[in-house]
Amino acid sequence: MERKEFLKRGFSALGFAAIIPVISCSNDTVDPVETSTDTSGSTSGSCTLTASETEGPFPTKTPASLVSNDITSDRAGTKLTVKITIQNKNNSCEGLAGALVDIWHCDAAGNYSEYGGTGMQSTNYTSVHFLRGRQTTDANGLVTFTSIYPGWYSGRAPHIHVHIYNASGKSLLVTQIAFPEEISKVVYAQGVYASHGQADTTNARDNVFGDGVSTEMSTVTGSASAGYGLTHAIVVSA
């Protein structure tokens with residue numbers, strides 16, 4: 001099945017709730033995670049629980065083996081510093097220390113590492129692990145990654161996948177981070193992104209973000225020449 005066809009049909013077939021297994025060969029494997037494609041979020045107290053989303057077709061296979069804050073590897077692109085703060089809805093939205101945060105996203109051409117050679121992604125990157133990494137939150141609930149600005153692929157707006165676990169390895173949330181479209185347009189007009197062109201799907205037409213990005217939209221500052229910084233808070237129940 002082509003990736004775009006997966007995106008069109010896969011989520012509707014799963015319904016609002018889907019059981020997404022975490023594929024891992026390590027001792028850190030966790031139980032299957034129940035996630036939802038509903039991006040409305042839920043409010044409790046002074047903060048809003050971040051919307052749960054599908055892991056998509058390309059989740060990290062062995063995240064515990066990819067502990068790194070610089071996940072760029074050999075991928076060319078505009079530098080992006082990613083700062084994610086994990087907040088605990090059940091503790092007055094205080095930062096959650098000791099949480100495990102996995103992120104992954106595609107390269108400038110729209111390809112993922114650890115997969116390929118199929119209809120979902122023709123380029124074969126099954127033996128490499130670029131743009132995937134894990135960090136543990138500090139006392140303020142913060143993790144920082146160095147990466148590149150994600151590219152895009154047909155049927156999806158630009159995004160970063162995030163999977164959060166507590167310190168014991170229990171899954172807390174699978175979600176995605178959205179990008180401001182005006183900044184993506186600037187990035188995709190230059191450098192290694194230019195040959196791929198502009199994204200063909202807006203946030204509003206995206207089948208993950210289309211029902212709202214109020215809890216998933218990042219703040220991005222900087223420039224294409226100097227690089228960008230992304231900041232985003234994700235609220236979990238822990």
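With the requirement that a residue be out of contact with any Pro (no Cβ under 7 Å at 6 or more places or on another chain), acidic (Asp, Glu) and buried (at least 17 other Cβ atoms within 10 Å of the Cβ), what does the range 46-102 give you? Spell out the reasoning first.
To start, the set of residues in the range 46-102 that are out of contact with any Pro (no Cβ under 7 Å at 6 or more places or on another chain) comprises 46-101.
Right, trim to acidic (Asp, Glu) and you get 53, 55, 70, 74, 94.
Answer for the range 46-102, where residues must be out of contact with any Pro (no Cβ under 7 Å at 6 or more places or on another chain), acidic (Asp, Glu) and buried (at least 17 other Cβ atoms within 10 Å of the Cβ): GLU53, GLU55.
Would you confirm whether or not the range 116-136 contains a residue that is of a type outside the set (Gly, Ala, Ser), over 19 Å from LYS61 (Cβ atoms) and touching a strand residue (DSSP E or B) at 6+ places or on another chain (Cβ under 8 Å)? Working first, answer last.
Our first condition is that a residue be of a type outside the set (Gly, Ala, Ser); within the range 116-136, this holds for 118, 120-121, 123-126, 128-132, 134-136.
Subsequent filtering for residues that are over 19 Å from LYS61 (Cβ atoms) retains 136.
From the residues that got through so far, the ones that are touching a strand residue (DSSP E or B) at 6+ places or on another chain (Cβ under 8 Å) too are 136.
Yes, there is a match, as at least one residue in the range 116-136 is of a type outside the set (Gly, Ala, Ser), over 19 Å from LYS61 (Cβ atoms) and touching a strand residue (DSSP E or B) at 6+ places or on another chain (Cβ under 8 Å).
Hey, can you tell me all the residues within the range 219-238 that are among the hydrophobic types (A, V, I, L, M, F, W, C) and closer than 24 Å to GLY191 by Cβ? Don't jump to the end; show me each part of the working.
Let us first name the residues in the range 219-238 that are among the hydrophobic types (A, V, I, L, M, F, W, C), namely 220, 224, 226, 230, 233-236, 238.
Correct list: VAL220, ALA224, ALA226, LEU230.
Scanning the range 103-119 for residues that are among the small types (Gly, Ala, Ser) and either closer than 16 Å to ILE148 by Cα or touching a residue at least 24 places away in the same chain (Cβ under 8 Å) (or both), which turns out surrounded by the fewest Cβ atoms within 10 Å (Cβ to Cβ)?
Within the range 103-119, the subset among the small types (Gly, Ala, Ser) is 108-110, 113, 116-117, 119.
With the extra rule that they be either closer than 16 Å to ILE148 by Cα or touching a residue at least 24 places away in the same chain (Cβ under 8 Å) (or both), the set shrinks to 108-110, 113, 119.
Working: ALA108: 23, ALA109: 16, GLY110: 19, SER113: 24, GLY119: 10.
Per the stated criteria, the residue is GLY119.
Looking only at the range 78-126, which residues are closer than 27 Å to SER225 by Cα, within 16 Å of the chain's Cα centre (by Cα) and of a type in the set (Val, Ile, Thr)? Outline the logic, then answer.
Here is the first cut: in the range 78-126, the ones closer than 27 Å to SER225 by Cα are 78-85, 103-113.
Subsequent filtering for residues that are within 16 Å of the chain's Cα centre (by Cα) retains 80-85, 103-108, 110-113.
Selection gives THR81, VAL82, ILE84, THR85, ILE103.
Return the total of residues in the range 222-231 being under 18 Å from the mean Cα position of the chain (by Cα) and over 15 Å from PRO158 (Cα atoms).
Here is the first cut: in the range 222-231, the ones under 18 Å from the mean Cα position of the chain (by Cα) are 228-231.
Filter once more, keeping what is over 15 Å from PRO158 (Cα atoms): 229, 231.
So the answer is 2.
Name the one entry in HIS159, HIS163 that is touching a strand residue (DSSP E or B) at 6+ places or on another chain (Cβ under 7 Å), without any contact (Cβ under 8 Å) to a residue 60 or more places away in the chain and not β-branched (Val, Ile, Thr). Lay out the reasoning, then the answer.
Values: HIS163 fails: without any contact (Cβ under 8 Å) to a residue 60 or more places away in the chain.
One residue alone meets the criteria, HIS159.
Coordinate-derived values only; no laboratory data. None of these values were measured; they are calculated from a predicted model. Positions of Cβ are generated from backbone atoms using ideal geometry, with glycine treated the same way; all protein chains shown enter the neighbour counts.
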